[in-house]
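Let me begin by presenting the structure, written as structure tokens, before commenting on it.
The values are calculated or read from the model by the stated rules, or taken from the named source; none is laboratory data. Remember, it's a predicted structure, so these values are computed and weren't measured experimentally. Note that each Cβ is placed from the backbone with ideal geometry, even for glycine, and that neighbours are counted across all protein chains shown. Side chains included, ligands, DNA and RNA excluded: accessible areas come from the protein's heavy atoms. Shrake-Rupley method; radii C 1.70, N 1.55, O 1.52, S 1.80 Å.
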Amino acid sequence: MDNHLDHMPVLSRGRHRNPKRGACFMELASYLAGERWSDHPACTHPLLAALARLVNDNTNDESRAKLVHLVPSIIGLAGDDLRVDARIALRCATTALPVAAAERQLALAVSVLAAEEMLARLDGAPSGRLSEQSRRAMEQVPQAAEQARRFSRAARITEKGFRRYAAPNAVQLSVVGIVQACIPDPDALLRRLLAEAIADCDALLRDPQTGSTVTAPVHA
């Protein structure tokens, strides 16, 4: 008897024409969600899907297999609440900032402040607040943090600009920063980042009134 599990795609880098040629993380999500085969399925928030693709493509073959168990948890996490974009950007930037090379720290610190500012604006909270995870990340790079504060005071980003440019750039910069960081196991940190970003989105999308960032230790 034919078993659909015999035809389950295997995770690999890049895009694939069909399941027989393998699958990236989001293509496998589209497969499991019963959608048309795509690495941009409707079942997942676009920025979270972008993070998943980046983690998939920047992880080695052995470590990529460990991502499979996360695929079902990303299905159904969709919506247009800008707080989702902000929390994803914040999770990425605060994870990468303490381990990234010095030349990337300023841009990542600016990303932290931009995400915090957007969340404060959307929540109707005072400008300039920092969550505990942001405070800990910024404290580990004091020079970049101070430069970022000076820069951010002179710049104001729009909601449209944040969604279209600032948030995607934060995700991209963070993944590259982790991949190139001088740490023992960047793949493990990428996997943890994706898992925590999924948890953040799940908390927010399931209960928009009380959704909060899931905290976890920031490794130096």
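Carbon and sulfur atoms: what percent of the 1.4 Å accessible area of the chain do they account for?
53
Could you list the trypsin sites (Lys or Arg not before Pro) in segment 19-111 that lie in coil according to DSSP, counting only those with at most 10 other Cβ atoms within 10 Å of their Cβ?
Qualifying residues, ordered by number: Arg36.
How large is the accessible surface per residue of segment 99-214, computed with a 1.4 Å probe and reported in Å² as a whole number?
Solvent-accessible surface per residue comes out at 52 Å².
Using unit Cβ charges (K, R positive; D, E negative) and no other charged atoms, how large, in debye to the nearest 20, is the dipole of the chain about its Cα centre?
560
Out of segment 134-178, which trypsin sites (Lys or Arg not before Pro) are coil in DSSP terms and have no more than 12 other C-beta atoms within 10 Å?
In loop regions of segment 134-178 (DSSP not H, G, I, E or B), the sparsely surrounded trypsin sites (Lys or Arg not before Pro) are Arg156.
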